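Notes follow the structure.
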């Protein structure tokens, strides 16, 4: 990623760092709560009660990846906004790349779920 793209996720100017710090303080506990809920809840059984509910496990794995990535982003964002440490420089690009990859994957997964859940019943209704 270029420095211009990184400045959008991890700004270098003071106002951008203040905004990043504010939103990190706001969303870090929320992402942590979602991540903890996904990790410590009992195994899913209800969605498609096949041997071990594969749809439930897929949703749990996708949610863990999504909220885990956002948790790490806001954690790095808070540290970047407060101190802007030098050691974090090489890791910023890795975090930014992972954030964009997970967001793209999540959007693709939601599109597939939409196609399966909404359009499949319409398709089968037209066949009958």
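Read-outs: derived from the displayed coordinates by stated rules, not from any lab. If you're wondering where the values come from, they're calculated on a predicted model, not measured in any experiment. Methodologically, a virtual Cβ is constructed for each residue, glycine included, from the backbone with ideal geometry; neighbour enumeration extends over all protein chains shown.
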**Report entry** Potential extension, residue 106-residue 61 segment - 0.36 nm per residue separation minus Cα distance
**Finding:** 15.1 nm
Report summary line: Exposure proxy check on 110, 15: fewest-to-most Cβ neighbours within 10 Å is 15, 110
**Report entry** Segment residue 41-residue 15, extension gain: residue separation times 0.36 nm, minus the distance between their alpha carbons
**Finding:** 5.5 nm
Report summary line: Log entry: pair-distance distribution for segment 52-118, C-alpha pairs binned every 5 Å from zero, whole % per bin is 3, 15, 21, 19, 13, 11, 8, 5, 3, 1
Report task. Please find the FRET efficiency linking residue 22 to residue 122, where r is the Cβ-Cβ separation and R0 is fixed at 41 Å, and quote it to the nearest 0.05. Result -> 0.40
Query raised in the report: Which ordering of 88, 107, 31 is given by a fewest-first count of other beta-carbon atoms within 10 Å?
Result: 107, 88, 31
Report task. Kindly rank 67-74, 119-126 from highest to lowest mean number of other beta carbons found within 10 Å of each residue. Result -> 67-74, 119-126
